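Novice: Have a look at this one.
The values are calculated or read from the model by the stated rules, or taken from the named source; none is laboratory data. No experiment lies behind these values; they were computed from the predicted model shown. FYI the Cβ positions are ideal-geometry reconstructions off the backbone, even for glycines, and counts take in every protein chain you see. Note: accessible area is taken over every heavy atom of the protein model, side chains too, but ligands, DNA and RNA are not part of it. Shrake-Rupley method; radii C 1.70, N 1.55, O 1.52, S 1.80 Å.
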Amino acid sequence: VKPPVPACTLVNGEARDSIAIADRGLAYGDGVFETLLVDAGEPVWWDAHLRRLQRGCDALGIDCPDAALLREEAARVAQDGARGVLKITVTRGVSLRGYAAPASPQPTRIVSLSPWAGVAAATVAQGIEVRWCRTTLALQPRLAGIKHLNRLEQVLARREWEDPAIAEGLLCDTEGRVVSATAANLFLVCDGRLATPVLTRCGVEGVCREWILQQAAVAVHDVARDAVLEADELFLCSSLRGILPVARLDGLRHAPGPMTRRLQHALWQAVPALRPDPGTTA
Ligand SMILES: Cc1ncc(COP(=O)(O)O)c(C=O)c1O
């Protein structure tokens, strides 16, 4: 079965849908990526995504492609003005076999656009069902926060359930602290105070999480499983799905609360592209 090829993909600026088998992104996950919402041809939160891409490249010692070049390539793949998901991948490039990197690697950049239906208005209003995952996140401060290509923990976690009613899984680190969902960050409200887990040991510093940190007073600290179970409100966030209230966790009901609602409305005000489309059912 041939997997669907994104509508348009540029590899180092050329329309292609394959890369060299010696690419270190394939061999070792040696690279970083970004997934951005594109609305009416415009990437949402472009600067914040580019900052994280740059941070990731710096952490791995990869030359980050020029921002203006990426912007131009993003405009090329999104030129039909459709809504979609823009994916930017930067790898260290090709090398001989073995972990040692070449002295002057030529990074590979891949820019593609895939269709995106958005999140159903009912889901955004009523909230989603989530579960706890058995898979845990390893502690690695050198990779914490960045969106590197090694996503096997998320892949294993996502293999833990098939029930389409469950939208996300919550992950703890190997020492039992709650970190995030598989593809979203986590916020909780306890006694009227908003909090989110520290991401200095593992996890991805989400762009939507960063936006929320700029809007509200948020305590960033270690979060125990009990704190999640006892929270008055729980929500997940990501740059594609925006703010999603958690309505059920392992069967236990939570009501989407006032803090979640306030932040959802502030987000739709600031980023209209994330406002749910009442016509969307997926
Ligand atoms: C592991 C992980 N954490 C958090 C996020 C949320 O990040 P963002 O807000 O940048 O989409 C994602 C997004 O896909 C993710 O894969």
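Novice: Would you calculate a helix-derived [θ] at 222 nm for the chain, using -39,500 (n - 2.57) for each DSSP H run of n ≥ 4 and dividing by the full residue count, to the nearest 500?
Specialist: Working: 8 runs with 72 residues, N = 282.
After summing the helix terms and dividing by residue count, I get -7000 deg cm²/dmol.
Novice: Of the accessible area of the chain, with the probe set at 1.4 angstrom, what percent is carbon plus sulfur?
Specialist: Details: 7400 of 13800 Å².
Roughly 54 percent of what the probe reaches on the chain is carbon or sulfur.
Novice: Checking the a/c ratio against 1.5 first, then a/b against b/c, what shape does the Cα gyration tensor give for the stretch 41-185? Please report the intermediate quantities before stating the final value.
Specialist: On the way: a/c = 2.26, a/b = 1.20, b/c = 1.88.
Oblate shape, in that a/c is at least 1.5 and b/c is the bigger or equal ratio.
Novice: In 5 Å bins starting at zero, report the fraction of Cα pairs in the stretch 2-96 per bin as a rounded %.
Specialist: 3, 13, 23, 24, 21, 11, 4, 1, 0
Novice: Would you list the P(r) distribution for the stretch 122-209, with all Cα-Cα distances sorted into 10 Å bins from 0 and each bin expressed as a whole %?
Specialist: Distribution as computed: 16, 48, 31, 5 percent.
Novice: If Lys and Arg each add +1 and Asp and Glu each add -1, what is the summed charge of the other residues whose beta carbon sits under 13 Å from the beta carbon of Thr182? Walk me through the numbers on the way to the answer.
Specialist: Numbers: positive: Arg131, Arg134, Arg151, Arg158, Arg159, Arg241; negative: Glu153, Glu160, Glu168.
Taking every Cβ under 13 Å from that of Thr182, the sum is +3.
Novice: Over the chain, what is the relative contact order in percent, taking alpha-carbon pairs closer than 8 angstrom and at least six residues apart?
Specialist: 19
Novice: From the protein chains alone at 1.4 Å, what is the descending order of accessible area for Ile19, Ile166, largest first?
Specialist: Details: Ile19 65, Ile166 25 Å².
Accessible-area ranking of Ile19, Ile166, largest first: Ile19, Ile166.
Novice: Can you list, by residue number, the Cys in the chain that have no neighbouring cysteine C-beta under 4.7 Å?
Specialist: Cys8, Cys133, Cys172, Cys190, Cys202 - these cysteines have no disulfide-compatible partner (Cβ-Cβ under 4.7 Å) in the chain.
Novice: Report the net charge of residues surrounding Gln264, where surrounding means a beta-carbon distance below 13 angstrom and charges are Lys +1, Arg +1, Asp -1, Glu -1. Can you show the working numbers first?
Specialist: Numbers: positive: Arg241, Arg261, Arg262, Arg275; negative: Glu233.
With Lys, Arg at +1 and Asp, Glu at -1, the neighbours total +3.
Novice: Could you report the accessible area of Lys87 in Å², rounded to 10, computed with a 1.4 Å probe on the protein chains as they sit in the structure?
Specialist: Using a 1.4 Å probe on the heavy atoms, I get roughly 80 Å².
Novice: If you rank Leu234, Leu152 by how much accessible surface each has, with a 1.4 Å probe, what is the order from largest down?
Specialist: Working: Leu234 5, Leu152 130 Å².
Sorted by accessible area, descending: Leu152, Leu234.
Novice: Ordered by residue, what ³J(HN,Hα) values in Hz, to whole numbers, does the stretch 223-230 give under the Karplus form 6.51 cos²θ - 1.76 cosθ + 1.60, where θ = phi - 60° and Gly and Pro are x?
Specialist: 10, 8, 4, 4, 5, 5, 5, 9
Novice: Could I ask something else about it? Counting alpha carbon pairs within less than 8 Å and at least 6 residues apart, what relative contact order, in whole percent, applies to the stretch 21-80? Could the numbers behind the result be given before it?
Specialist: Details: 35 pairs, mean separation 18.5, N = 60.
With pairs under 8 Å counted, the relative contact order is 31 percent.
Novice: Then there's this: May I ask you to list, by number, the DSSP H helices of the chain whose Cα span along the axis is at least 20 Å and whose average Kyte-Doolittle hydropathy reaches -1.0 or more? Walk me through the numbers before you get to the answer.
Specialist: Working: long enough: 46-60 (21 Å, -0.73).
Helices passing the filter in the chain: 46-60.
Novice: Express in whole angstrom the spacing between the alpha-carbon centres of the stretch 61-81 and the stretch 15-50.
Specialist: Taking the Cα centre of the stretch 15-50 as reference, the centre of the stretch 61-81 is 9 Å away.
Novice: Normalised by the residues of the stretch 1-118, what does the relative contact order come to in percent, with Cα pairs under 8 Å and at least six apart?
Specialist: On the way: 215 pairs, mean separation 43.2, N = 118.
Once normalised by length, the contact order is 37 percent.
Novice: May I pose another question? How much accessible area per residue does the stretch 18-103 have, in Å², with a 1.4 Å probe?
Specialist: Working: 4090 Å² over 86 residues.
Here the residues of the stretch 18-103 average 48 Å² of exposed surface.
Novice: If the viscosity is 0.890 mPa s and the temperature 25 °C, what Stokes-Einstein diffusion coefficient in µm²/s follows for the chain when Rh is the Kirkwood radius over Cα pairs? Could the numbers behind the result be given before it?
Specialist: Details: Rh = 19.7 Å.
Translational diffusion coefficient: 125 µm²/s.
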